[in-house]
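Contents: one structure, followed by commentary.
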Amino acid sequence: MKDYYEILGVPEDASVDDIKRKYRELVKQFHPDLNKGDEEAAKRMAEINEAYQVLTDPKKRAEYDAMRKGGVNFGSGSDYYRPGQGFDFFDSIFRDFFTDFPFGSTIFNRNTATQAKPKGSDINLEVTLSLKDVITGTTKSLQFSRAELCEDCHGTGAKDGRVKTCDRCHGTGVIENRQTTPFGVFVSQTECPVCHGTGKVPEETCPTCRGAGVVRKQRTLGLQIPPGVDNNDVITLKGQGNAVKDGVSGDINVTIKVLIPQGWRRKGTHLYTEVHVPYYHAILGGKVKVNTATGEEKELLLEAGTQPDQEYILANEGVPDKNGRYRGDLHVTIKVDMPSKLTPQERKYLEEIKKLHENDNNKKKFGFFN
Ligand SMILES: [Zn+2]
Ligand SMILES: [Zn+2]
């Protein structure tokens, strides 16, 4: 646990006036303007500000004193306060501390100088596949424009790759901002806007990319699509997206759209379609032709007395699963077409069939009553 009394060099019973007097002395000593580029001094100043904030606030000071007497250690090895470990009331000092104290922002700004490399943007593409493409797998040609590292300067933006130390930040990549407030002087570090944190600038700007380090190129790429993909599946090509200076390239995301023909449905690896047959064909049974999703013609043998919407299955004529372990089926629903008009001859035969059934029924009824 940090000893704020020791940091400020005041006794435990120091009055607020004593603390303020001592603080002003320390500010004169560790003022960042008087200690340019001195990390230690900046760190020291941060500690002094922190201690001053707590000890001049009666409520925070009382909480701190209670904590201190309890002998609990709070991350004394770290530069800044590590809140937590379950002591809510002490934690609360620091929540307040960071919200109402401008120095809190300094701590976060320091991190921006060491943040992760910038990432180029992703390129989002879409390909449309037929069911046949999905069943067999396919290769699609993708055309797009993307930012690529400039070959002439190897992405540095500098003519012939020649760079020099940035004048603005003297090669440190960060700019210190000093702010004088009633609490003292606060130092915050932000990324140098001239060299974007690299500490280097071109001796002369690369004429090809005008210093951007990247140029746009028109590209065509063959994308191999495995069998079994589904609508809205996304294939990601890592690092194939837009390049960015001093960073890593984005990705290419290819969204799959599957075109399902009219009268077809897909559910996972299973396909569903319909076949229309005349009523007498359904009644008598016989062969019907079915076009599969790959365009092949298959024969289906209808049993006599096939009912409307009866389903037949053509095994393994569906879509393969993504691991290629099996293939789903093609489910064929039989749609029975009823005639809306009859020829005189058809009518004659159907009337006879009707009579046949009526006689049948009369016999049954007769039998029943006896
Ligand atoms: Zn710079
Ligand atoms: Zn260039």
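The values are calculated or read from the model by the stated rules, or taken from the named source; none is laboratory data. Because the structure is a prediction, the values reported are computed rather than measured. So basically every Cβ, Gly included, is an ideal-geometry build from the backbone, and we count neighbours across all protein chains shown.
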Anything in region 227-244 that is more than 16 Å from ligand 2 (Cβ to nearest atom), hydrophobic (A, V, I, L, M, F, W, C) and either assigned to a loop (DSSP other than H, G, I, E, B) or not assigned by TED's automatic domain parsing to the domain that holds ASP152 (or both)? List them, or say none.
VAL229
Quick check on GLN224: is it over 24 Å from PRO118 (Cβ atoms) and either outside any loop (DSSP other than H, G, I, E, B) or assigned by TED's automatic domain parsing to the domain that holds GLU317 (or both)?
yes
Checking THR205 against (1) within 15 Å of ligand 2 (Cβ to nearest atom); (2) of a type in the set (S, T, N, Q); (3) within 30 Å of TYR52 (Cβ to Cβ), which single condition isn't satisfied?
(3)
Considering every residue within region 281-291, establish whether at least one is small (Gly, Ala, Ser) and in a helix (DSSP H, G or I).
yes
Among the residues of region 156-189, write down those that are away from ligand 2 (no atom under 16 Å from the Cβ) and of a type in the set (S, T, N, Q).
THR165, THR172, ASN177, GLN179, THR180, THR181, SER188, GLN189
Which pairs do you get when a residue that is touching a residue at least 40 places away in the same chain (Cβ under 8 Å), found in region 179-200, comes within reach of a residue that is within 16 Å of ligand 2 (Cβ to nearest atom) and acidic (Asp, Glu), reach meaning Cβ atoms under 9 angstrom, with the pair 6+ apart or on two chains?
HIS196/ASP246; GLY197/ASP246; THR198/ASP246
